[in-house]
Amino acid sequence: MTRIAGAVAIVTGAANGIGRATADSLARRGARLVLADIDAARLEEAAGAIRAAGGQALAIPLDLSEPDAFDRLRERTWAEYGTVDIVMNNVGVLVSGLPQDIPLAEWERIINLNLMGVVRSIHRFLPDLLAKGSGHIVNTASFAGLFPYAFDRLPYAATKGAIVTMTEGLALYLEPRGIGVTLLCPGPVRTAIGNTMRSFTEGLPLRGPGPQFAFREAGEVGEMVADAIASNRFFLPTDDLVRPLLAERGADMEAFLRAQAMAMAP
Ligand SMILES: NC(=O)c1ccc[n+]([C@@H]2O[C@H](COP(=O)([O-])OP(=O)(O)OC[C@H]3O[C@@H](n4cnc5c(N)ncnc54)[C@H](O)[C@@H]3O)[C@@H](O)[C@H]2O)c1
């Protein structure tokens, strides 16, 4: 079980939305933060707000799609704090379009950032956590990685599905070695993620996971993540109404897919 007070916590995608809210929650509980994001101005503002509230936060502006970004993130973290305890891999971007309209280069961009960003982070920080025999990893997936509800964001869904699988496997490996793992699966959360979305098919409506899912505030999700780290919880959907859907899918994948297809028929 990771003690948050005093822990060194890295959060990627920390300038906005869920990452920023989680950084705030962890800082309020006494963690020492390292915030990484490509949006340097908002990042400095986020770190400044934590410091103004009496916390510790280092802002490291980085494009996490670059191959050596995590080397630099680790170097700066060790130089400042001399250790690392919590790593939240949270960066994710959206792309929309019909499957045949999304260019291959865009698929590669999304896979490189959303999925390989998590892979490179794990590769960089796992030796540190294994050497300590403690710590906690949070990977941000999505409902999009848990069940099919749209065909307009396939690269995004594919990376999130891969994060789900990878995080489950990591938990098998790491839990017996003293390292906690949380799979954060947000449903709809009120953030500005749509602002950076590229679209490749005109007039394509964005399909959500279902009308039963209300938007959560990022602040609520930040608290959920901090609680999950403190209590070593693995599966963290932001809405428990997803559970019956997962049970239905598990019981009969064929019937579930047909029902989802019927629900989205024009
Ligand atoms: N908001 C939702 O409804 C929702 C739903 C499911 C999953 N998620 C997931 O939650 C995570 C956080 O999303 P959010 O909604 O808070 O979005 P957001 O856009 O508010 O935050 C994402 C952050 O990532 C940063 N970023 C983008 N590209 C980057 C890069 N190359 N290098 C470094 N930083 C980069 C952005 O500047 C931004 O601060 C994502 O992984 C997203 O897929 C969000």
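So for segment 211-221 (the condition being of a type in the set (Gly, Ala, Ser), near the ligand (Cβ under 8 Å from one of its atoms) and in contact with a Gly (Cβ under 9 Å, 6 or more places away or on another chain)), does at least one residue qualify?
yes
With respect to LEU113, is the statement that it is without any contact (Cβ under 8 Å) to a residue 60 or more places away in the chain, more than 20 Å from ALA21 (Cα to Cα) and touching a Pro at 6+ places or on another chain (Cβ under 6 Å) true?
Against the criterion (without any contact (Cβ under 8 Å) to a residue 60 or more places away in the chain, more than 20 Å from ALA21 (Cα to Cα) and touching a Pro at 6+ places or on another chain (Cβ under 6 Å)), LEU113 does not qualify.
Filter segment 123-142 down to the residues that are within 13 Å of the chain's Cα centre (by Cα) and either hydroxyl-bearing (Ser, Thr, Tyr) or assigned to a helix (DSSP H, G or I) (or both) and list them by number.
Correct list: THR140, SER142.
Just the residues that are over 18 Å from VAL95 (Cβ atoms) and more than 15 Å from the ligand (Cβ to nearest atom), please, taken from segment 178-204.
Scanning segment 178-204 gives GLY178, ILE179, GLY180, VAL181.
Quick one: count up the residues across segment 37-51 that are small (Gly, Ala, Ser) and crowded, with 21+ Cβ neighbours inside 10 Å.
Residues flagged as small (Gly, Ala, Ser) and crowded, with 21+ Cβ neighbours inside 10 Å within segment 37-51 amount to 2.
Scanning segment 23-43 for residues that are within 12 Å of the ligand (Cβ to nearest atom) and either over 21 Å from ILE110 (Cα atoms) or in a strand (DSSP E or B) (or both), which turns out farthest from the chain's Cα centre (by Cα)?
ALA41
Name, by its number, the condition in (1) buried (at least 22 other Cβ atoms within 10 Å of the Cβ); (2) over 28 Å from LEU245 (Cα atoms) that does not hold for GLY82.
Looking at each condition in turn, GLY82 falls short on (1).
Kindly evaluate THR83 against the criterion of being more than 10 Å from the ligand (Cβ to nearest atom), in contact with a helix residue (DSSP H, G or I) (Cβ under 8 Å, 6 or more places away or on another chain) and touching a residue at least 60 places away in the same chain (Cβ under 8 Å).
Yes; evaluated as a whole, the condition is true for this residue.
This table checks each residue for (1) surrounded by 19 or more Cβ atoms within 10 Å (Cβ to Cβ); (2) among the polar types (S, T, N, Q); (3) at pLDDT 95 or above.
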| residue | (1), (2), (3) |
| --- | --- |
| LEU172 | no, no, yes |
| MET197 | no, no, no |
| LEU206 | no, no, no |
| PRO211 | no, no, no |
| GLU220 | no, no, yes |
| PHE234 | no, no, yes |
| THR238 | yes, yes, yes |
| ALA247 | no, no, yes |
| ALA251 | no, no, yes |
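Could you list, in sequence order, the residues of segment 52-71 that are surrounded by 15 or more Cβ atoms within 10 Å (Cβ to Cβ) and farther than 30 Å from GLY203 by Cβ?
GLY55, GLN56, ALA57, LEU58, ALA59, ILE60, PRO61, LEU62, LEU64, GLU66, ALA69, PHE70
Given the conditions (1) away from the ligand (no atom under 15 Å from the Cβ); (2) touching a residue at least 60 places away in the same chain (Cβ under 8 Å), and given that PRO155 satisfies all but one, which numbered condition is not satisfied?
Result: PRO155 fails condition (1) only.
Of the residues ILE229, ILE163, which is closer than 30 Å to ARG3 by Cα and either touching a His at 6+ places or on another chain (Cβ under 8 Å) or of a type in the set (Asp, Glu) (or both)?
After applying the criteria, what remains is ILE229.
Can you pull out the residues in segment 186-206 that are outside any loop (DSSP other than H, G, I, E, B) and touching a helix residue (DSSP H, G or I) at 6+ places or on another chain (Cβ under 6 Å)?
VAL189
Does ILE110 satisfy the condition of being of a type in the set (A, V, I, L, M, F, W, C), at pLDDT 95 or above and within 14 Å of the ligand (Cβ to nearest atom)?
yes
For ILE102, work out the one condition from (1) free of Cβ contacts under 8 Å to residues at least 40 places away in the same chain; (2) within 28 Å of LEU206 (Cα to Cα); (3) more than 15 Å from the ligand (Cβ to nearest atom) it doesn't fulfil.
(1)
The values are calculated or read from the model by the stated rules, or taken from the named source; none is laboratory data. Just so you know, these numbers come straight off a predicted model, no measurement behind them. When we count neighbours, we look across all protein chains shown, and the Cβ atoms used for this are built from the backbone with ideal geometry, even at glycine.
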